[in-house]
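Derivation of every value follows stated rules applied to the coordinates shown; laboratory data play no part. For clarity, every value in this text was computed on a predicted model and none was experimentally measured. Positions of Cβ are backbone-derived with ideal geometry, glycine not excepted, and every protein chain shown enters the neighbour counts.
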Amino acid sequence: MLQIDSMKKIYIIVHGKRDLLESVKNQLAAAGFAKENMEMASLEKAGNPGEYVAMLWPPMAATDIAVSQIIGPAKEGQSRGMGAWGSVAMKEVLKLPMK
């Protein structure tokens, strides 16, 4: 099982489904993430290496919460994501089923 660093921030992406935000936070807390380190992701600023990103997946009909850890800047030509998030490389570390 993944060793969660509960001192690191976790950015949450709900793809406009704000009604699911509290459910996502509760599931992340049950998995070991600290609620005080959770915040909504912004298109203007991405996280830092070592921090986490939780995203509803797939975006339009979510069945899971995909949790990735930011590992550094994206390599040229390999950007994924929108806005500032396209500039970071991430590695999926955990997938939680939506409840």
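Mean-square fluctuation check for the chain, GNM, Cα pairs under 10 Å: which of Ala30, Ala89, Ala54 is largest?
Per the Cα network of the chain with a 10 Å cutoff, Ala30 tops the list.
Step through the residues of the stretch 18-30 one at a time and calculate ³J(HN,Hα) from phi using the Karplus curve (6.51 cos²θ - 1.76 cosθ + 1.60, θ = phi - 60°), rounding each to whole Hz and writing x for Gly and Pro.
4, 5, 9, 4, 5, 4, 4, 4, 5, 5, 5, 4, 5
Enumerate the amide H contacts of Ile12 below 5 Å, restricted to partners 5 or more residues apart or on another chain; note that Pro and chain-start residues carry no placed amide H.
Long-range HN contacts for Ile12: Glu39, Met40, Ala41, Ala54.
Along the stretch 36-45, what does the Karplus equation 6.51 cos²θ - 1.76 cosθ + 1.60 (θ = phi - 60°) give for ³J(HN,Hα), rounded to whole Hz, x for Gly and Pro?
Whole-Hz 3J(HN,Hα) from phi for the stretch 36-45: 5, 9, 9, 8, 5, 6, 10, 6, 7, 9.
Work through the residues other than Gln27 whose Cβ is under 12 Å from its Cβ and net out their charges, Lys, Arg +1 and Asp, Glu -1.
Local net charge: +2.
From the list (1) 35, 35, 23; (2) 37, 29, 22; (3) 42, 29, 18, can you say which value of Cα extents along the principal axes in Å was derived from the structure given?
(2)
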